[in-house]
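We did not get these values from a lab; they are worked out from the coordinates using the rules stated. All values reported here derive from a predicted model rather than from experimental measurement. Glycine also receives a Cβ, built like all others from the backbone with ideal geometry; neighbour counts cover every protein chain displayed.
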Amino acid sequence: MPTLGTLDIRQWAAGGGVSTFDPWDGEAWVLKNAELFTVSLEIQPGGRALLPPGMHPSVPMYVVFSFGKFAESPVGSFSIAQVLISGRVGIRPRGFVLKTLVSSEAARRELTARWGYPAAEGEAKIISRHDRVRAEAWAGGALIAQCEMTDREPVEGADMEPLASTHLARNAADGNLVLIQVEPAYEYGKAERGRPRVLSFNQAAWRMGGHVQLNQGIVAVYSRCDMALPPPRFIMDPERPSSQMPWAAA
């Protein structure tokens, strides 16, 4: 039997933070001069409880703390911080987003409606020094995550493999819960990797429910790039893995 996530999606949605998604066709957002920072660490298998049944957990499971600052966008500048739990949809690696903090009201409105981000008010800070990169996530005046990268070294943009995301949202047309796959594209001007470290994080603030127990670090990545955010290509039933979808029998 396949191993699947065990998140109760209805209970999760009832807890708040699930956006209303209004499917659209249009031009991708182009976010120039983006500054991105991620820290990835292995976690205990109990993280399955934070993946919807439509996703398979990765082996090993890991958590990604993701931070971004966007100087240019169709709605102006904004920052973002989010936490993703690793898994896959079919054969595609994906990270299920637990929560997203977005600094701009206009950006929150568009990211929830167009891509189903579980967006709440908050702010990300990224501080790049000569020997390290440090990032912070703030919400309601409180620091809820702080991560850093040391031993930084340059890498080629072609070596970058950022994790695409999935978002649990409510379809505006019928009110049903859907799982949206979001697949940005990147053109890198600068990329570095290094040793990851989580200095602090608040389980309750990120809706982790005590299921995220950190193990060894994997990698930290810092980059400057142009990022394109196209309309979602794949929207699926969050309770059915891709192997049970109608096309799987074709």
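Annotations for the structure displayed:
- Rounded to whole Hz, the Karplus (6.51, -1.76, 1.60) HN-Hα couplings of the stretch 172-180, x for glycine and proline: 5, 6, 10, x, 6, 6, 9, 10, 9
- For the chain, the dipole from Cβ point charges (+1 on Lys and Arg, -1 on Asp and Glu) about the Cα centre works out to 480 debye, to the nearest 20.
- Straightening the chain between residue 44 and residue 176 buys 44.4 nm, computed as 0.36 nm per residue apart minus the Cα-Cα spacing.
- The stretch 94-216 - charge dipole about Cα centre, Lys and Arg +1 at Cβ, Asp and Glu -1, debye rounded to 20: 360 debye
- Leading residue at positive end of dipole, the stretch 9-236 (Cβ point charges), from 36, 47, 26: 47
- Across the chain, C-alpha contacts under 8 Å between residues 6 or more apart give a mean separation that, scaled by the residue count, equals a relative contact order of 25 percent.
- Nearby aspartates and glutamates by direct alpha-carbon distance to residue 32 (threshold 16 angstrom, same-chain neighbours under 8 apart not counted): 72, 187, 226
- With Cα atoms, 0 to 90° folded angle of helix 105-115 axis to the chain main axis: 40 degrees
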